[in-house]
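Colleague: Got a structure for you, written out below as structure tokens; questions coming shortly.
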Amino acid sequence: MRPSGKPALIDLPKFLDLRGNLSFVEEETHIPFKIKRVYWIYDVPGGEHRGGHAFKQTDELIIALSGSFDLNLHDGTTEYKYSLNRSYYGVVVPRMIWRMIDNFSTNSLAMIIASTDFSESDYIRNFEEFRKML
Ligand code: TYD
């Protein structure tokens, strides 16, 4: 599976159980890339936003493990908005998609699974530059 270029909402497996529920994600089964890195965003103060950039080479899966937030995406022509509030949904955000995350609820936890190691040179932090590069 190759990233399609468009964002996609993924319905992850879930095992509902009276003891509590369980979900999981496997590389190349549920997401179209190999996992290189996982990071998470937490303790976001009310009214703050994260992101505000695109990646040249990095594909990601973004999951609201706890709480809720809005994922705002832009591919240069089309805007996409996902309100995530369940830990069994993930959004695949392919490379070269502008992303901004806001409207974090109290105690929300965003987990991001990425296809590359961290590299500042992979970031495009200026929206006009991003549009020119498309
Ligand atoms: P950044 O990606 O800019 O945050 P946002 O979630 O708002 O897009 O990352 C913030 C800082 O954390 C930045 O200085 C680089 C550092 N960082 C790493 O060192 N490794 C990582 O995997 C990530 C995602 C960020």
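Colleague: State all residues of segment 41-94 that are without any contact (Cβ under 8 Å) to a residue 40 or more places away in the chain and aliphatic (A, V, I, L, M); if no residue qualifies, say none.
Modeller: 71, 84
Colleague: Let me ask you something else. State yes or no: is residue 41 over 19 Å from residue 72 (Cβ atoms) and of a type outside the set (Phe, Trp, Tyr)?
Modeller: Details: over 19 Å from residue 72 (Cβ atoms): no; of a type outside the set (Phe, Trp, Tyr): yes.
No.
Colleague: Can you work out which of the residues in segment 102-134 that are in contact with an Asp or Glu (Cβ under 9 Å, 6 or more places away or on another chain) and loosely packed, with under 14 Cβ neighbours inside 10 Å is nearest to residue 13 (Cα to Cα)?
Modeller: 107
Colleague: While we're on this one: Sort out which residues of segment 25-50 are aromatic (Phe, Trp, Tyr) and in contact with a Leu (Cβ under 7 Å, 6 or more places away or on another chain), and write them in order of number.
Modeller: Result: 40, 42.
Colleague: Is it fair to say residue 99 is buried (at least 17 other Cβ atoms within 10 Å of the Cβ), under 22 Å from residue 37 (Cβ atoms) and within 14 Å of the ligand (Cβ to nearest atom)?
Modeller: Judged against the criteria, residue 99 is a match.
Colleague: Now a separate question. Please specify each residue of segment 37-59 satisfying the condition of being more than 10 Å from the ligand (Cβ to nearest atom) and not aromatic (Phe, Trp, Tyr).
Modeller: Once the filter is applied, which keeps residues that are more than 10 Å from the ligand (Cβ to nearest atom) and not aromatic (Phe, Trp, Tyr), segment 37-59 yields 43, 45, 46, 47, 54, 56, 57, 59.
Read the figures in this text as sums done on the coordinates, not as results from a lab. If you're wondering where the values come from, they're calculated on a predicted model, not measured in any experiment. Cβ sites come from the backbone with ideal geometry, for glycine too, and all protein chains shown count toward neighbours.
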